[in-house]
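Down below is the structure, laid out as structure tokens.
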């Protein structure tokens, strides 16, 4: 237990900020944006403090713990805590939220309607729920946050998105609710199979203590996995993502794809592997197959897109396939790569979505054929867009390269064919990213109807881009501080699953 409840404060601060922003009187509505940004920066300070207080080599699984009885009759506790994986994702969310708020500064016109206040308040509410879902160490509390996140996202897309926003928001909601309802059945089943008692939903109480038949535990695994596969998103339950990401505002798309969707892959590690070790080993061949299909399918569809935002959404389906591949390779190298990939993908996707959003705001179109030659009129925007694209394709020296390399290396240790096929995804990534850049940025100087060229990145937009580019470089050249936090959690998870790394063999096939 800690005297300062940092995890609770990281939820309370943005929730309080949302309330303050929402109730600002009309005469003070212009302060909604700086107030929201201020509360998100306070949350970032708390996240940094949590990072400083975290001890990677600690014996206990969860640190910064808070446990209070909530509904003892049903074994539900208000229990929070983080391991290295959860903490890294929370810190990533705390960094990207103020970046997104600043990027969305002019996204919504207010004109006295209060839309601007609602927009920024909903983004703060989403940040609070994201912290809660990654910090929850009670399965029922996790489920509550898992479902609660749907509310702000639904309204962020449905109220502030593009022309087909209502369709995209409803599709997102239906897919997510379907997966959540399946998981609810599994959550109840876990409690029935567990030891029960006042803290019967605590992850630490359930781990290794589920008393049920092998078949029943496998069905419970499937219930959790389906919900997480929808959220991840994996083929074939991915179809909500391209619509949601295309119709959402760029900042909302970053929160959705870059952060919120990591709940799916995080849940696979925290619940599927830790609570159902035998079922995880049993399901691994099928999951590996689905992951490889997602990698290739997402990349191929990205190549054929003419909508810039839709293209970026399909790239994420491919990248999430790589993350899942690393998780279920069940090796320390693959696990380290997949957990690091969750962080690096968040920043690389943020760069692509936000810079594409800046481009769309100047041209008024998401269609790639409507562009061409923009590096001649907006060179800084073009240059940063290229760096974000190169990061997404995992160029050596930029953030995702290390994580992608570790995933493929860790997978090759156990599933050589899957790793070889997955490598094709990296080749296709170069194709869809470089083609998008070529079609939008290179070529003759474009002409504009009013005769005036659009302005390059503003000071505010440069402030948005700087931390993202810095994260590419820092995590590309020196990922050790993050890996030092992640590796103990990965090792502990593999101990729960009951697997060890394969013994290296020489050319003759004998162990070295």
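Below are the figures for this structure:
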quantity: Shape call, the stretch 402-490: gyration tensor on alpha carbons, a/c limit 1.5; calculated: oblate
quantity: Ranked 33, 231, criterion: other C-beta atoms within 10 Å, fewest first; calculated: 33, 231
quantity: Alpha carbon Rg of the stretch 1-140, scaled by the compact-globule rule 2.2 N^0.38 Å; calculated: 1.16
quantity: Shape metrics for the chain, restricted to C-alpha atoms - Rg then Dmax, Å; calculated: 22.3, 78
quantity: Globularity ratio of the stretch 364-512, using Cα Rg and 2.2 N^0.38 Å; calculated: 1.44
quantity: Fully extended contour minus Cα-Cα distance, from residue 459 to residue 207, at 0.36 nm per residue; calculated: 85.7 nm
quantity: Residue 216-residue 492 FRET efficiency (beta carbon distance; Förster radius 22 Å; 0.05 resolution); calculated: 0.30
quantity: Reciprocal of mean inverse Cα separation for the stretch 323-402 (Kirkwood radius, Å); calculated: 14.1 Å
quantity: Peptides ranked, highest mean first, by Cβ atoms within 10 Å: ranges 491-502, 218-229; calculated: 218-229, 491-502
quantity: Paramagnetic label zone (point 7 Å from Cα along Cα-to-C-beta, residue 192; backbone N under 18 Å) in the stretch 204-236; calculated: 206, 209-225
quantity: Additional length obtainable on full extension of the chain from residue 31 to residue 52, 0.36 nm per residue less Cα span; calculated: 4.4 nm
quantity: Length gained when the stretch residue 438-residue 16 is fully extended (0.36 nm per residue, less Cα-Cα span); calculated: 147.4 nm
quantity: Theoretical FRET efficiency, 1/(1+(r/R0)^6), r = Cβ-Cβ of residue 177 and residue 78, R0 30 Å, to 0.05; calculated: 0.80
quantity: Two-site label geometry, residue 361 and residue 23: point separation in nm, points 7 Å out along Cα→Cβ; calculated: 3.1 nm
quantity: Mean separation of Cα contacts under 8 Å, 6 or more apart, over the residue count of the stretch 1-202: relative contact order %; calculated: 26 percent
quantity: Relative contact order [Cα under 8 Å, 6+ residues apart], the chain, whole percent; calculated: 15 percent
quantity: Alpha-carbon centroid distance for the pair the stretch 30-92 / the stretch 369-410, whole angstrom; calculated: 31 Å
quantity: Relative contact order computed over the stretch 86-205 (Cα-Cα under 8 Å; 6+ residues apart), in percent; calculated: 22 percent
quantity: Over the chain: helical MRE at 222 nm, DSSP H runs n ≥ 4 each giving -39500 (n - 2.57), nearest 500; calculated: -22500 deg cm²/dmol
quantity: Separation of alpha-carbon centers, the stretch 227-302 and the stretch 465-503, rounded to whole Å; calculated: 19 Å
quantity: The stretch 294-333: Rg to Rh, with Rh as the Kirkwood radius over Cα pairs; calculated: 1.13
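We did not get these values from a lab; they are worked out from the coordinates using the rules stated. Since this is a predicted model, take the numbers as computed values, not measurements. No Cβ is skipped: glycine too gets one built from the backbone with ideal geometry, and neighbour counts run over all protein chains shown.
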